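Rule-based calculations on the coordinates, nothing more; no lab input. Computed from a predicted model, the values in this text were never measured in an experiment. Cβ: placed from backbone, ideal geometry, glycine included. Neighbour counts: every protein chain shown.
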Amino acid sequence: MSQGLFVTFEGIDGAGKSSHVDALAQAFRASGRPVVLTREPGGTPLAEQLRGLALNTAMDPLTEALVMFAARRDHLVQVIEPALARGDVVLCDRFTDATFAYQGGGRGFDLDVLAQLERWVQSVEAVPAGQLRQPHLTVWFDVPVDVAAGRLAAARVPDRFEAQPREFFRRVAAGYAQRAAADPQRFARIDGAQPREAVWLQVLEAVRGRGWLP
Ligand code: TYD
C-alpha cells in the first residue's frame with residue numbers, strides 16, 4: 001500500500017483554487033490512486049454544521065477560532081486520519097493555515113493561542129509524540145487582493161468572510177505569506193493572477209516535482 005498523501009489548498013477568497021482542486025483529484029484518480037476530496041471548515045456532518053455557523057453567525061474571535069478548530073478536530077478524526085491510514089490521497093480545500101491567515105491575520109487574534117489549539121487538535125495517534133499532523137504539501141494560490149476582489153464581486157452573495165473589506169484580505173494575505181515563510185518546504189506558491197491554464201500547469205508542476213504524479 002502506498003503512503004497516504006495530505007495536500008491542502010489555500011488563498012484569500014477569490015483566489016480561484018476550487019477548479020484546480022477538482023482537476024487535481026481527477027489527475028490522481030487517473031493515476032490509479034484513491035482520492036478523498038474534502039474541505040474546511042466542513043467534511044463531516046458535524047463540521048458542515050459548524051461551517052454553517054462560522055460563515056453566517058456573528059461571534060467573538062475566540063469563539064470563531066474554537067469553532068474552526070472544533071470542526072477540524074472532527075474532520076481529522078473522522079475523515080482525514082482514516083483516509084491517510086488507508087494510503088489515500090487527501091485533497092483538502094483549506095486547513096489550519098486558513099485559521100492563522102483569517103483568524104490570526106484578518107481578525108488579529110492571538111497567534112500563540114492559535115498555535116496552542118493547533119497542537120491540541122493536530123496531535124494524532126499516527127504521528128510520533130511531539131509532532132503534529134501537517135499537510136505534506138500546501139498549494140498556496142497567491143493573488144493580489146484587488147484581483148481576488150474583482151472575481152468575488154462577479155460571483156455570488158458574500159458570506160461573513162467574503163463581505164470583509166479589502167484591508168481585511170490584505171491582512172489575510174500577509175498571514176499566508178508569514179505561514180509560507182515559516183515552512184517553505186511545505187508550501188508551493190502559485191501565481192494565481194495568471195490565466196487559468198497557466199495556474200493549472202503550476203499546480204501540476206508542484207505535485208509532479210515531488211514525484212507524486214507522472
Ligand atoms: P471557502 O473555502 O472560500 O469556500 P467557498 O468557496 O464555498 O466560499 O470558504 C470558507 C471561508 O471560511 C473562507 O472565507 C475562509 C474561512 N475560513 C476561516 O476563516 N478560517 C478557517 O480556519 C477556515 C478553514 C476557513
message = Can you confirm whether Arg33 is of a type outside the set (A, V, I, L, M), in contact (Cβ under 8 Å) with a residue 12 or more places away in the chain and away from the ligand (no atom under 14 Å from the Cβ)?
response = yes
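Being more than 11 Å from the ligand (Cβ to nearest atom) and surrounded by fewer than 14 Cβ atoms within 10 Å (Cβ to Cβ) is true for just one of Asp112, Asp88. Which residue is that?
Asp112
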ask   = Is it the case that some residue within the range 82-90 is charged (D, E, K, R), out of contact with any helix residue (DSSP H, G or I) (no Cβ under 7 Å at 6 or more places or on another chain) and assigned to a helix (DSSP H, G or I)?
value = yes
request  = Only residues that are more than 13 Å from the ligand (Cβ to nearest atom) and within 15 Å of Ala126 (Cα to Cα): list them for the range 53-79, please.
outcome  = Val77, Gln78, Val79
ask   = What pairs come up if the first residue lies in the range 81-98 and is touching a residue at least 12 places away in the same chain (Cβ under 8 Å) and on the phi < 0 side of the Ramachandran plot, the second is part of a helix (DSSP H, G or I) and near the ligand (Cβ under 8 Å from one of its atoms), and their beta carbons are under 8 Å apart, counting only those six or more places apart or on different chains?
value = Asp93/Ser18; Phe95/Arg72; Thr96/Arg72; Ala98/Met68
Residue match in the range 137-151 (condition: among the hydroxyl-bearing types (Ser, Thr, Tyr) and touching a residue at least 40 places away in the same chain (Cβ under 8 Å)) = yes
ask   = If you go through the range 147-161 one residue at a time, how many are surrounded by 11 or more Cβ atoms within 10 Å (Cβ to Cβ) and not in a helix (DSSP H, G or I)?
value = 4
query = What's the number of the condition Phe100 fails, among (1) touching a helix residue (DSSP H, G or I) at 6+ places or on another chain (Cβ under 6 Å); (2) of a type in the set (Phe, Trp, Tyr); (3) not in a helix (DSSP H, G or I)?
reply = (3)
